[in-house]
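Here the structure is laid out as structure tokens; the discussion comes afterwards.
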2 protein chains.
Amino acid sequence: MKYSLGLDFGTESARAVLVDIDTGETVATAADEFADGVIDEGLPGSTESLPLDWALQNPADWLTALERTVHAVMEESGAAPESVVGVGLDFTACTILPTTLDGTPLCALDAFRDRPHAWAKLWKHHAAQPQADRVNQLAQTRGEPWLARYGGKISSEWLIPKALQMLEEAPDLYARADRLVEGADWIVWQLTEKLHRNACAAGYKGTWHKVNGFPAPDFLAALHPELSDLYQVKLSGSVVPPGQKVGELVPTWAQRLGLSPGTPVAAPIIDAHAAVPGGGVSQPGILLMIMGTSTCHMLMAEDEMLVEGIAGVVEDGIVPGYFGYEAGQAGVGDIFAWFVERMVPPEYRAQADRQGRSLHDVLAEKAAALRPGENGMLALDWWNGNRSTLMDADLTGLLIGPTLATRAEEIYRALIEATAFGTRMIIDAFIQQGVPVESIVTGGGLTKNELLMQIYADITGREMAVAGEPQISALGAAMLGSVAAGSQAGGHGSLGQAIASMAPPPARVFRPKKAHQLPYDQLFAEYRRLYDYFGRGENDVMKVLRRLRSGSGGGQEP
Amino acid sequence: MKYSLGLDFGTESARAVLVDIDTGETVATAADEFADGVIDEGLPGSTESLPLDWALQNPADWLTALERTVHAVMEESGAAPESVVGVGLDFTACTILPTTLDGTPLCALDAFRDRPHAWAKLWKHHAAQPQADRVNQLAQTRGEPWLARYGGKISSEWLIPKALQMLEEAPDLYARADRLVEGADWIVWQLTEKLHRNACAAGYKGTWHKVNGFPAPDFLAALHPELSDLYQVKLSGSVVPPGQKVGELVPTWAQRLGLSPGTPVAAPIIDAHAAVPGGGVSQPGILLMIMGTSTCHMLMAEDEMLVEGIAGVVEDGIVPGYFGYEAGQAGVGDIFAWFVERMVPPEYRAQADRQGRSLHDVLAEKAAALRPGENGMLALDWWNGNRSTLMDADLTGLLIGPTLATRAEEIYRALIEATAFGTRMIIDAFIQQGVPVESIVTGGGLTKNELLMQIYADITGREMAVAGEPQISALGAAMLGSVAAGSQAGGHGSLGQAIASMAPPPARVFRPKKAHQLPYDQLFAEYRRLYDYFGRGENDVMKVLRRLRSGSGGGQEP
């Protein structure tokens, strides 16, 4: 038997899977929570509180979880170390940390451990918004060519804003940081003593382009004089596509993990993007949606198109040889959770408790008894802004149609429908702008909600296939490991081959119901009109409300 | 001491108050619930269920409550029967019943008691909507001149639709009904053996006009051939302004009530309208708002204007000598109750229980801690349609601005603000179309909500005076009784005099806060834009949603 080890580094925990590279069968899996979790209140060991919107991680947690989970899967499977032909990993991004030349995180040095900027900034660190605003404004003013690839705007989560925030707020630490490195690349650096940059994170979060490279030094200098050599120095290292072999497991780490020294280690990939191979998608035209608190939409094409309001397009970013497109909905499961936690009356909770079910189940059951349109409501799914196709974080939610007779399940259903309409907008944007979508594969926690999946099928008019492997990203990471091994070392010759061998068939396919097409087409026409009216500047009431909320005028009362 | 007896007939109960006519002091009060309550499920003693939207009352309940409450106030006060100089009453309208020539309700006859159309149709009987639609359509087609006085549309609650429904669905009963009479006028008929029609109900609900009379027989004949003599025969009886003496208490009823025979009885008034004198309003320019489950706005003027979307204007309809205008918001307290009952999570209820307070209190306290605009939300207050100024029952609610951080109290406040914006729209409509509004007096249950009252003051930019007497309509009815007595019999010479003597000063005045004007003016501009956009046909999504709800296309799922 030959196995590949897939490592999946998330927001709260890491997971390891050991996968049979011929069948794709997961023979063992283990997860471990990060001891310090998401650091958003105060640094470990400190009583000082972090400012709003900060979110950090402790790199030491990553290594601890790595050791524990790899030991666990090796033990559980009983696999021999030499049967592991390769190691692949996925990681959140942009999750970036400052290190010394030898890779030591600055936060691991006593001198700096009380400095927030010494720690790893997690993907959802949003405190660099002012910097992101300036980056966007300057890039627009200068007509920077790379901006159009990201729908005309980059987010505060991305590399340049995070680096610029560090430079401005902690210039001594920025100067001391010999390298700024993605968590994914840092783990590979540890395991192989080789520092490369994975094309996925570099492209989607670091504004790298395969042909044109990085933003020019004079643009960076215009942001801040000391930022001009960011890519040449602090981000040095060649950019390699996911799955390409970066190096081999060094003896110290082979020993710590109980693996063989010399085991090939693959260039990593972003966690969401790992779901593309994990979901069995190896070619253009198949939209892969990871549906959870938010939804990430990934699609490949033969060509590079500039699609309005799409978060990014990166050559080699997912499956080498293709252009990978990414879009997203900023709130999906989060919107349902908001409603369930904050807006549902006690009777529903009592029923859920009595029946030993979740409130989501109770609401979904009641909502499923309604036919399309019967709730008499329509929502815009912008509770957390719009990530695609409007790319506007300042948009907010809208619910239209409630009456005195409206019940909780009717709103619940309207919220689900709204997110499905939002997905249809994204699909339509891809198609209208020349990126074909032929079929759809889904993964993530929401795929367990049958009502939701059926509504998505009905509203998009398309089949929704649910990926066969629940740990879809971890499987994708394992596929990368098998590719790093290469066919001569018993692995796979390409990611396409790995996917063909290792991806299981869909767990389930939801098919659109004919009778639901007409009412949902009518509702979608209304959704689209509201979308344009409130989203494209004709009525900016959401912006006005936001301004008033953040406080111009008015005192306390009564 | 001289007293007037005020009788207030509501939806669920009746109330009597005995009021000192010189000071306005209420010396005794008593209430009694109607035994059969609102009959909307099945007739008393029957297991057959009534169709949707039916709402009936049993006239026998009115008489029982009348006897009980009058005995109670006479006993409690110890007043001598001869010290009661007059009797006045208010009643819901249009609440209409079919009777024989001698006033016997058809439902009191054994032959008809199992026939729904034999009972009194309560004001909120909404089953005559198809008839109302036809009345409106025909009147518009023919350009009936009276239609403009009612904002271009009459409601299913009104007299003609209710009479037409009876004629169409129970022609034998319609033929057998010698008279159709408002509950108010029927009570007076019982007490005095004289049948008149009060100008308030006749004008606001029966399409009567002081100069032009009733709709013409040929219009009625076009609706149904047998309807042509409706006003001449079944609604015969002269129309008299509220407070005018209709007759004197007959000996049998004097004995049943423990009052003196010959006591003057006043022409009655609609319950909401009784609040105008009860609230101390005797002249043009003072808007009286009764704020409860819905809100009724009443205003007088020297002239007759046709105000867009205002429910009615009636000469002599409230205070004789003036034109009385009525407008309304179809859902106010009902919207807050909908939210509190259906949308508030258990923690809030737990806090309310722990503190022995109502959920409304808990939410209001939290909402009061927000400054204007801080909730970041805006709503359209159409959960129960719009009664003025759009007069469109098919409009529905809208909430804009929720985010993942939105809390229940923020929505609660947005709903209160929305109803206050709706009130401002009504005030603006009056003023812009030539009916002055100089000040505002309020009554009803919502006046106890301090947060709400302050928000109304802030949003309208006007002082909100709360009427001094909580039983505002009953006091108004007692004023009518003192006027029926007349000054020579120890009562008052006019309603104006009665009001001057008997109306207490405001219990409290809420004054607009300067700091809140600017943000609320900004929010109102946004409200108004949404109001026009969704309310005046530019975007008919609410109508589309209603159509889809009532079911074109789609099957059951999943």
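Of all the criteria given as (1) more than 9 Å from chain A (Cβ to nearest Cβ); (2) buried (at least 21 other Cβ atoms within 10 Å of the Cβ); (3) not in a helix (DSSP H, G or I), the one not satisfied by B:ALA364 is (3).
Please enumerate the residues belonging to the stretch A:369-383 that are of a type in the set (Gly, Ala, Ser) and either more than 9 Å from chain B (Cβ to nearest Cβ) or open to solvent by less than 10 Å² (accessible area, probe 1.4 Å) (or both). Hits for the stretch A:369-383 are A:GLY373, A:GLY376, A:ALA379. Cβ-Cβ below 9 Å, separation at least six or inter-chain, first residue in the stretch A:340-353 and more than 15 Å from A:GLU365 (Cβ to Cβ) and facing chain B (nearest Cβ under 9 Å), second loosely packed, with under 15 Cβ neighbours inside 10 Å and small (Gly, Ala, Ser): which pairs? Cβ pairs passing all conditions: A:PRO346/B:ALA350. The set of residues from the stretch A:449-476 being more than 14 Å from every other protein chain (Cβ to nearest Cβ) and within 22 Å of the chain's Cα centre (by Cα) comprises A:ALA465, A:VAL466, A:ALA467, A:GLY468, A:GLU469, A:PRO470, A:GLN471, A:ILE472, A:SER473, A:ALA474, A:LEU475, A:GLY476. Evaluation of B:SER439 against the conditions (1) open to solvent by less than 10 Å² (accessible area, probe 1.4 Å); (2) more than 10 Å from chain A (Cβ to nearest Cβ) shows that the sole unmet condition is (1).
Applying the set (1) modelled with pLDDT of 95 or more; (2) at negative phi to A:PRO217 leaves exactly one unmet item: (1). On inspection, B:GLY247 fails the criterion of being more than 23 Å from B:ILE427 (Cβ to Cβ) and surrounded by 24 or more Cβ atoms within 10 Å (Cβ to Cβ). Go through the stretch A:384-402 and give me each residue that's facing chain B (nearest Cβ under 7 Å) and open to solvent by 10 Å² or more (accessible area, probe 1.4 Å). Selection gives A:ASN384, A:LEU399.
Residue-wise test of (1) buried (at least 24 other Cβ atoms within 10 Å of the Cβ); (2) of a type in the set (S, T, N, Q).
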{"position": "A:ALA216", "(1), (2)": "no, no"}
{"position": "A:VAL233", "(1), (2)": "no, no"}
{"position": "A:SER236", "(1), (2)": "no, yes"}
{"position": "A:PRO242", "(1), (2)": "yes, no"}
{"position": "A:SER260", "(1), (2)": "no, yes"}
{"position": "A:ALA267", "(1), (2)": "yes, no"}
{"position": "A:PRO277", "(1), (2)": "yes, no"}
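If you go through the stretch A:304-339 and keep only what is closer than 27 Å to A:LEU399 by Cβ, in contact with a His (Cβ under 8 Å, 6 or more places away or on another chain) and more than 14 Å from chain B (Cβ to nearest Cβ), you end up with A:ALA327, A:GLY328. With respect to A:GLY324, is the statement that it is within 30 Å of A:PHE214 (Cβ to Cβ) and surrounded by 24 or more Cβ atoms within 10 Å (Cβ to Cβ) true? Here the answer is yes, as A:GLY324 does meet what is asked.
Determine whether A:MET464 is touching a residue at least 24 places away in the same chain (Cβ under 8 Å), surrounded by 16 or more Cβ atoms within 10 Å (Cβ to Cβ) and over 17 Å from A:MET298 (Cα atoms). No. The single condition among (1) surrounded by fewer than 24 Cβ atoms within 10 Å (Cβ to Cβ); (2) among the hydrophobic types (A, V, I, L, M, F, W, C); (3) free of Cβ contacts under 8 Å to residues at least 60 places away in the same chain that A:MET305 does not meet is (3).
Taking (1) under 30 Å from B:PRO130 (Cα atoms); (2) within 14 Å of chain A (Cβ to nearest Cβ) in turn, B:MET425 satisfies each apart from (2).
Condition check ((1) within 12 Å of chain A (Cβ to nearest Cβ); (2) part of a helix (DSSP H, G or I); (3) open to solvent by 50 Å² or more (accessible area, probe 1.4 Å); (4) polar (S, T, N, Q)) across all residues:
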| site | (1), (2), (3), (4) |
| --- | --- |
| B:ALA478 | no, yes, no, no |
| B:SER482 | no, yes, no, yes |
| B:HIS492 | no, no, no, no |
| B:ALA515 | yes, yes, yes, no |
| B:LEU518 | yes, yes, yes, no |
| B:ARG529 | yes, yes, yes, no |
| B:TYR533 | yes, yes, no, no |
| B:ARG546 | yes, yes, yes, no |
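Picking from residues in the stretch A:28-44 that are open to solvent by 40 Å² or more (accessible area, probe 1.4 Å) and acidic (Asp, Glu), the one that is farthest from the chain's Cα centre (by Cα) is A:GLU41.
On the stretch given as the stretch B:312-332, residues that are modelled with pLDDT of 85 or more and under 30 Å from A:ALA337 (Cα atoms) total 1. Summed over the stretch A:45-81, the residues that are open to solvent by 60 Å² or more (accessible area, probe 1.4 Å) and touching a Leu at 6+ places or on another chain (Cβ under 6 Å) give a count of 0.
Tell me yes or no: at least one residue of the stretch A:505-512 is under 27 Å from A:ARG387 (Cα atoms) and at the interface with chain B (Cβ under 7 Å from one of its Cβ atoms). No, every residue in the stretch A:505-512 fails to be under 27 Å from A:ARG387 (Cα atoms) and at the interface with chain B (Cβ under 7 Å from one of its Cβ atoms).
Residues in the stretch A:285-300 that are open to solvent by 10 Å² or more (accessible area, probe 1.4 Å) and of a type in the set (Gly, Ala, Ser): A:GLY292, A:SER294. In the stretch A:274-306, the qualifying residues are those that are farther than 21 Å from A:GLU463 by Cα and touching a helix residue (DSSP H, G or I) at 6+ places or on another chain (Cβ under 6 Å), and the one that is modelled with the lowest pLDDT is A:LEU306.
The condition of being modelled with pLDDT of 90 or more and of a type in the set (Asp, Glu) holds for B:GLU538. Flag not set for A:GLN255, criterion: more than 18 Å from A:GLY312 (Cβ to Cβ) and either among the hydroxyl-bearing types (Ser, Thr, Tyr) or in a loop (DSSP other than H, G, I, E, B) (or both).
The values are calculated or read from the model by the stated rules, or taken from the named source; none is laboratory data. Computed from a predicted model, the values in this text were never measured in an experiment. Glycine also receives a Cβ, built like all others from the backbone with ideal geometry; neighbour counts cover every protein chain displayed. Note: areas computed on protein heavy atoms with side chains; ligands, DNA, RNA excluded. Shrake-Rupley method; radii C 1.70, N 1.55, O 1.52, S 1.80 Å.
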